[in-house]
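The values are calculated or read from the model by the stated rules, or taken from the named source; none is laboratory data. Bear in mind the structure is a predicted one, so any value in this text is a computation, not a measurement. Note that each Cβ is placed from the backbone with ideal geometry, even for glycine, and that neighbours are counted across all protein chains shown. We work out accessible area using only protein heavy atoms, side chains counted, and drop any ligands, DNA or RNA first. Shrake-Rupley method; radii C 1.70, N 1.55, O 1.52, S 1.80 Å.
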Amino acid sequence: MSKKALVVEDDGNIAELLRLYLEKDGFEVTCAADGGKGVELAASLRPDVMLLDIMLPVKDGWQVLREVRSFLSAPIVMLTAKGETEDKVAGLELGADDYVTKPFEAQELLARIHAVMRRTAGPDEPAAKRLEFDKLVINLDSYELVVDGTKVEAPPKEMELLYHLAATPNRVYTRNQLLDEVWGFDYFGDSRTVDVHIKRLREKLEGVSDQWRLKTVWGVGYKFEVGAA
């Protein structure tokens, strides 16, 4: 069964190019030319991956991202203009999984898409992927995060990063290790991606328990520390 891709892009030429790339790669592609329609299609189609431009009529990419993240856990790849570093960081902070810079090469585009979708395959992954700590449940089978008894929305990469750290408590990971092991060797981003996701996780987890915490190991990286009280 083919995967569904939703392209939200108001430039007809770019949208058609994306459609051709994705269909050639086996995707079933739907396009939207404005942000309002993009939100509607995301809700009705529930795509497996979404490519989202920033500069859109009706609703811009930021607003679309905020609204769609409230109901869609599928990977979202932002489309940004060359050199707009602030846009890339803002997108990651709002829940995007990756970004592609225009103009883009077909191989890079598809590599990024497959990288963020690897979680849907996982034939060699263990059957049960659930971790429990004081006031915290990380369930990667259902991609659910429960904090102090309340389900908290978290994008896929935040869940995968938290699970990866918590699966080996007190082990320190460098940013590059996390990029390789969580995002994959074919990820084209930089280490700031890890920092942004850690920041977002801390906003959800800070102060919940004195028995564990996400800790920065200065000059090295991060760890999920237990017994930190």
Over segment 175-185, the set of residues under 17 Å from Val220 (Cα atoms) and either aromatic (Phe, Trp, Tyr) or open to solvent by 50 Å² or more (accessible area, probe 1.4 Å) (or both) is Arg175, Asn176, Gln177, Asp180, Glu181
In a helix (DSSP H, G or I), within 20 Å of Ser70 (Cα to Cα) and touching a Lys or Arg at 6+ places or on another chain (Cβ under 8 Å) - does that describe any residue in segment 144-157?
yes
Residue satisfying condition, being part of a loop (DSSP other than H, G, I, E, B) and either modelled with pLDDT under 85 or surrounded by 14 or more Cβ atoms within 10 Å (Cβ to Cβ) (or both), within set Ala128, Ala90, Ala115:
Ala128
Looking only at segment 195-229, which residues are touching a Pro at 6+ places or on another chain (Cβ under 9 Å) and closer than 15 Å to Gln177 by Cβ?
His197, Lys223, Phe224
Residue tally, condition closer than 17 Å to Ser209 by Cβ, touching a residue at least 60 places away in the same chain (Cβ under 8 Å) and open to solvent by less than 50 Å² (accessible area, probe 1.4 Å), over segment 135-170:
3
Scan segment 6-18 and give yes if some residue there is buried (at least 19 other Cβ atoms within 10 Å of the Cβ), touching a Cys at 6+ places or on another chain (Cβ under 9 Å) and assigned to a loop (DSSP other than H, G, I, E, B), otherwise no.
yes
Tell me whether segment 35-52 contains one or more residues that are touching a residue at least 60 places away in the same chain (Cβ under 8 Å) and out of contact with any strand residue (DSSP E or B) (no Cβ under 8 Å at 6 or more places or on another chain).
no
